[in-house]
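The values are calculated or read from the model by the stated rules, or taken from the named source; none is laboratory data. Keep in mind that this is a model prediction, so the values were computed, not measured. Note that each Cβ is placed from the backbone with ideal geometry, even for glycine, and that neighbours are counted across all protein chains shown.
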Amino acid sequence: MANITVRNLSDDVHSRVRFVAAERGISTEEAARQLLDEASRPAEKVGDVIVEYVQSLNTFLPDIERSDDKAEPVDFG
């Protein structure tokens, strides 16, 4: 496993990491590891989450032909 040293961490950030550690019942070091892991993961796309959920329901979804045409802006005036 790799090691990392973080210097000049503000008191505010350190307090928040300690707070997270206390909430989770873990050490400050473990909280820092978890927070770094969570922050560095790629964000899930909403569409991917929806597709995964619907697929878990074993529901049939028809294939829909997609268009690359750009939508025209709506004029509300």
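Only one residue in ILE26, ILE4 is surrounded by 10 or more Cβ atoms within 10 Å (Cβ to Cβ) and assigned to a loop (DSSP other than H, G, I, E, B). Which one? It is ILE26. The number of residues in the stretch 7-23 that are among the polar types (S, T, N, Q) and outside any helix (DSSP H, G or I) comes to 2. Checked against (1) β-branched (Val, Ile, Thr); (2) more than 19 Å from the chain's Cα centre (by Cα); (3) modelled with pLDDT of 95 or more, VAL54 meets all criteria but (3).
Would you mind stating whether ALA31 is surrounded by fewer than 10 Cβ atoms within 10 Å (Cβ to Cβ), under 15 Å from VAL17 (Cβ atoms) and at pLDDT 90 or above? No: the conditions fail for ALA31.
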